[in-house]
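Below: one structure, written as structure tokens.
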Amino acid sequence: MSLRTLLLRNLLRQSRITNFAPVVLQNKSYSRNEKYNWNSKRNTAITLLASVVVGSAIKDDQKENTKSDIVEAGEKRPDLPTYRAEEVSKHDSKKSFWVIYRHGVYDVTSFLPTHPGGEQILNAGGLSIEPFWNVYGMHKTKEIYEILESYRIGNLHDDDVADHSDDELWAKEPFRDKRLIVKTAKPFNAEIPPKLQVEHFNTPNELFYVRQHMPVPDINENEHKLTVTIVGKNTTVKEFTMKDLDKFKPVTLNAALMCAGNRRSEMNKQVKPVKGLSWTTGAISNAEWRGVALRDLLAHCGLDPDHLDDLDGKHVILTGADTDATGAQFSTSLPLRQALDTVLLATRMNGEPLPPDHGRPLRAVVPCAPAVRSVKWLQSITISTEESSSHWHLKDYRAFNPSKTWETADFSTAPPVYSLPVTSAICDPEDGDTVQVKNGHIEVKGYAYSGGGAKVLRVDVSADGGRSWREARLRTDAAPPARHYAWALWAVEVPARGDRQMEIWVKATDSNFNTQPEKFEDIWNIRGILGNAYHKIKINLKY
């Protein structure tokens with residue numbers, strides 16, 4: 001190998017050539033929370049420099065190597081071992097990082113520290129890089145194929161070779177914490193592990209559960225605008241940049257967001273199957289949100305929040321920048337009265353800019369309501385006498401009684417879900433755990449939450465089938481009456497009576513004195529939403 005080639009490889013590994021993206025992977029640089037666009041002139045200059053260096057290196061190699069034929073990237077190589085996709089998928093950590101390209105398997109562990117695109121490459125750990133390269137076409141050059149092949153370790157089994165030609169939409173997905181429990185990869189939906197839920201009152205951003213309906217949109221924060229339309233005799237339309245929103249009085253609130261389908265898996269197991277993601281107890285998280293009150297923004301646009309005649313019968317339609325395969329944008333709505341009392345247009349989460357998965361640069365936070373109403377990547381707000389006409393509003397997140405079937409359900413007459421019932425869950429220990437008994441007791445921890453601004457008043461735990469109950473210690477947010485938007489964390493000592501197994505039940509009561517029902521049979525519904533029966537787990541005891 002020539003001196004120039006050795007120098008090139010060394011530069012790639014030590015980042016001596018700044019942001020070598022055009023050579024190796026892509027022309028944009030990502031970190032977990034930020035995305036920067038390159039200056040075009042600088043990008044062009046680096047591309048030209050890289051091409052000269054790589055081209056010269058390859059020419060030198062060809063002069064020194066009697067074999068002028070170079071295997072095309074991803075072609076089968078009979079001199080290398082064959083791996084199954086399952087084996088490759090295990091190498092997805094920074095200690096051992098493999099990727100796939102067509103039939104090729106590559107160990108790029110040593111390349112990770114110098115990857116110019118930041119941590120986005122971690123999304124491809126143990127998987128194919130084809131979806132990414134289909135988006136970033138500058139990869140598909142002889143020079144880059146050569147560099148990729150230098151990391152080649154094997155062939156992918158014929159049965160595991162997949163067609164990734166339609167994966168472009170998902171190539172720009174943000175990096176996600178490996179501790180999340182993934183429910184679906186496309187779109188990405190994942191819940192927080194139970195024990196991690198109770199470690200922090202405000203869930204760390206990287207562990208906040210993720211609910212997506214479509215791919216995460218690629219938004220330039222400096223160019224993003226929010227359009228506000230107030231429909232009436234004289235329709236008003238105004239646009240706001242992110243800098244415009246910064247001029248309004250900042251508002252902070254602590255609020256939990258919960259998917260209406262949280263705990264759906266229990267309905268599936270205990271009653272009968274329903275349609276929807278099989279969430280366990282992890283589709284809820286809590287955060288401190290900061291942004292602009294919707295009330296202040298609409299008042300600036302000419303709507304009088306105190307004029308009752310202007311509020312009755314009107315709705316706030318919230319539309320995001322995320323789109324489905326047909327180009328339809330995600331949208332939903334809620335009554336204007338409710339929106340004026342609660343909705344925050346958030347730009348920050350736990351003191352940091354919103355992560356891409358949670359709506360950067362702007363999202364609605366609608367406390368007390370199902371999280372589907374808290375539209376991410378917010379692009380427009382419309383005040384109208386009409387509700388949102390989107391599928392997600394008219395044909396989903398509506399309540400039915402347990403006897404309704406998909407054949408008899410009428411979504412047009414079913415009430416939309418704008419609030420949530422009181423619920424609770426045991427997070428530590430988890431179902432099936434073996435727990436060490438200490439001083440005749442075990443400690444049990446979990447969360448509780450209620451919609452409508454109601455405060456969690458009490459959490460009761462039973463270890464004898466409901467014959468007796470112990471009241472748990474609560475940790476709640478300091479908030480005025482009817483403004484309790486955050487969850488409560490609870491803990492309790494439960495006595496062990498010498499048994500080898502124990503079934504633990506939990507129920508919560510809110511400040512409206514609503515209490516959870518005991519059984520899922522009474523609240524089962526075809527969509528599996530609003531599942532708030534007692535949470536019950538079985539554990540083994542060790543003395």
Q) Does segment 145-160 contain any residue that is more than 12 Å from the chain's Cα centre (by Cα), among the small types (Gly, Ala, Ser) and in a strand (DSSP E or B)? A) yes
Q. Does segment 327-340 include one or more residues that are closer than 19 Å to residue 260 by Cβ, open to solvent by 30 Å² or more (accessible area, probe 1.4 Å), outside any strand (DSSP E or B) and at pLDDT 90 or above?
A. yes
Q: Please enumerate the residues belonging to segment 172-230 that are basic (Lys, Arg) and closer than 21 Å to residue 255 by Cβ.
A: 211
(Q) Can you pull out every residue in segment 203-225 that is surrounded by fewer than 18 Cβ atoms within 10 Å (Cβ to Cβ) and over 19 Å from residue 373 (Cβ atoms)? (A) 204, 206, 218, 220, 221, 222, 223, 225
Q: For residues that are within 23 Å of residue 227 (Cβ to Cβ) and either assigned to a loop (DSSP other than H, G, I, E, B) or under 16 Å from the mean Cα position of the chain (by Cα) (or both), tally how many sit in segment 308-322.
A: 6
Q) Among (1) touching an Asp or Glu at 6+ places or on another chain (Cβ under 9 Å); (2) free of Cβ contacts under 8 Å to residues at least 40 places away in the same chain; (3) among the aliphatic types (A, V, I, L, M), which single condition is residue 354 missing? A) (1)
Q.
Checking the condition farther than 17 Å from residue 360 by Cβ, under 22 Å from the mean Cα position of the chain (by Cα) and open to solvent by 40 Å² or more (accessible area, probe 1.4 Å), which residue from 249, 275 passes?
A. 275
Q) Considering segment 279-304 alone, what residues qualify as being assigned to a loop (DSSP other than H, G, I, E, B), surrounded by fewer than 17 Cβ atoms within 10 Å (Cβ to Cβ) and either touching a residue at least 12 places away in the same chain (Cβ under 8 Å) or on the phi > 0 side of the Ramachandran plot (or both)? A) 301, 302
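Conditions (1) touching a Cys at 6+ places or on another chain (Cβ under 8 Å); (2) assigned to a loop (DSSP other than H, G, I, E, B); (3) among the aliphatic types (A, V, I, L, M); (4) open to solvent by 30 Å² or more (accessible area, probe 1.4 Å), marked per residue:
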residue	(1), (2), (3), (4)
504	no, no, yes, no
507	no, no, no, yes
513	no, yes, no, yes
519	no, yes, no, yes
524	no, yes, no, no
528	no, yes, no, no
531	no, yes, no, no
536	no, no, no, yes
541	no, no, yes, no
Q.
Pairs please, first residue from segment 362-373 and of a type in the set (D, E, K, R), second anywhere and open to solvent by 10 Å² or more (accessible area, probe 1.4 Å), Cβ atoms under 6 Å, 6+ apart in sequence or on different chains.
A. 363/376
Q: State which residue is nearest to residue 529 (Cα to Cα) when the search covers only segment 369-404 and only residues that are open to solvent by 10 Å² or more (accessible area, probe 1.4 Å) and of a type in the set (A, V, I, L, M, F, W, C).
A: 399
**Q.** All positions within segment 328-381 that are more than 15 Å from residue 285 (Cβ to Cβ), basic (Lys, Arg) and within 19 Å of the chain's Cα centre (by Cα)
**A.** 348, 360, 373
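The values are calculated or read from the model by the stated rules, or taken from the named source; none is laboratory data. These figures come from a predicted structure and were not determined experimentally. Positions of Cβ are backbone-derived with ideal geometry, glycine not excepted, and every protein chain shown enters the neighbour counts. Note: areas computed on protein heavy atoms with side chains; ligands, DNA, RNA excluded. Shrake-Rupley method; radii C 1.70, N 1.55, O 1.52, S 1.80 Å.
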